[in-house]
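Read-outs: derived from the displayed coordinates by stated rules, not from any lab. Computed from a prediction, not measured in an experiment: that's the story for all the values here. Counting neighbours? That spans all protein chains shown, and the Cβs are built from the backbone with ideal geometry, glycine included.
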Amino acid sequence: MWNLGWVPGLYAFDPSFVFLAMAASVEAIFLSTFVLISQNRMQAQANKRAELDLQISLLAEHEVTQLVTLLDAVARRLDVHPSDDGRARCRADRSPLPAVACRRPT
């Protein structure tokens, strides 16, 4: 209202709104810089979480594979023959990643 000259006794200092546009542009520059900085920090945290999640998942899969191996040895010792449901080929390799690849979808 002041810049439009509607207030009596106060003159319009920027009738073409050039100063106002420049101030808005500078504000937008600073705002976008702060937003990009915060997004980079959030992305770095997300990458750390994803890496930690992957490590935990691989460790859990390795432990499950060891349990399956132990259970298989117990079954052989007790002479128990589980029914073959197509997963026998997966037990040939004891690494965690092929065991994940051999799982059937539920």
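Remark: region 37-50, residue by residue, has Karplus-estimated 3J(HN,Hα) of 4, 5, 5, 5, 5, 5, 5, 5, 5, 5, 5, 5, 5, 5 Hz, where x stands for each Gly or Pro and the curve is 6.51 cos²θ - 1.76 cosθ + 1.60 at θ = phi - 60°.
Taken along the Cα-to-beta-carbon direction at a fixed 7 Å, the label points for LEU10 and PHE30 span 2.1 nm.
Between ILE56 and VAL80, the FRET efficiency estimated from the beta carbon spacing at R0 = 25 angstrom works out to 0.20.
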